[in-house]
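Report on the structure given below.
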Amino acid sequence: MNVSEIMTHNPVCISDQASLKDAHLLMQTRNVRHLPVISETTGEFVGLLTHKKMIATVLTTLNKYGQGALDRKERYQPIAEIMENDAQILGLDEPLTIVVQYFIDNKLGCLPVLDEDNKVLGIVTSSDFVKLCQRLLLVKG
């Protein structure tokens, strides 16, 4: 089995020009925990914003500036400053045996799947592996 068989196709992405507030709202409304970040100008993958990183940033801001300033700070905090720039990426044909070991070794929640032009095709999340496990367990019955 390979990545293309379990990935979420066409995941919700966000522009590198967006704010932390934009990302926060997008995660809430679309019910996602990982956002591939794409260049506003080229559409290429430039980074990854995770729910974990976003929450850590919001809590730090809250503790530093207080509740009153949180909304304003979120509006002006560019996600380009907090996204992960050196995210590991996958191709469509990556074997799941390698990917699952990478997830375990690095305690990751997701990995973006890119084409040869650095465009986002999909995303593989830990939830995708749980769904695969469920399918395999149901087949074995």
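The values are calculated or read from the model by the stated rules, or taken from the named source; none is laboratory data. Keep in mind it's a predicted model, so treat the numbers as computed, not measured. For neighbour counting, all protein chains shown are included, and Cβ atoms are generated from backbone atoms with ideal geometry for every residue, glycine included. Remember, those area values only see protein heavy atoms, side chains included, never the ligands or the DNA or RNA. Shrake-Rupley method; radii C 1.70, N 1.55, O 1.52, S 1.80 Å.
What are the pairs, 6+ residues apart or on separate chains, where a residue within the range 50-76 that is farther than 30 Å from Gln88 by Cβ has its Cβ under 6 Å from a residue that is part of a strand (DSSP E or B)?
Every condition considered, the pairs that remain are Arg75/Ser19.
Just checking, does the range 113-132 include any residue being of a type in the set (Lys, Arg) and on the phi < 0 side of the Ramachandran plot?
Looking for residues that are of a type in the set (Lys, Arg) and on the phi < 0 side of the Ramachandran plot, one finds at least one in the range 113-132, hence yes.
Identify all residues within the range 16-50 that are out of contact with any Cys (no Cβ under 8 Å at 6 or more places or on another chain), open to solvent by 30 Å² or more (accessible area, probe 1.4 Å) and outside any loop (DSSP other than H, G, I, E, B); write none if there are none.
Hits for the range 16-50 are Lys21, Asp22, His24, Leu25, Leu26, Gln28, Thr29, Arg30, Val46.
Within the bounds of the range 40-51, is there any residue that is β-branched (Val, Ile, Thr) and under 21 Å from Phe129 (Cβ atoms)?
yes
Looking at Val46, Val32, Val12, which one is touching a helix residue (DSSP H, G or I) at 6+ places or on another chain (Cβ under 6 Å) and either of a type in the set (Val, Ile, Thr) or at pLDDT 95 or above (or both)?
Residue meeting the stated conditions: Val12.
Are any residues in the range 77-135 of a type in the set (Val, Ile, Thr), in a helix (DSSP H, G or I), open to solvent by less than 70 Å² (accessible area, probe 1.4 Å) and over 30 Å from Thr61 (Cβ atoms), and if so, which ones?
Listed by number, the residues that qualify are Val99, Val100.
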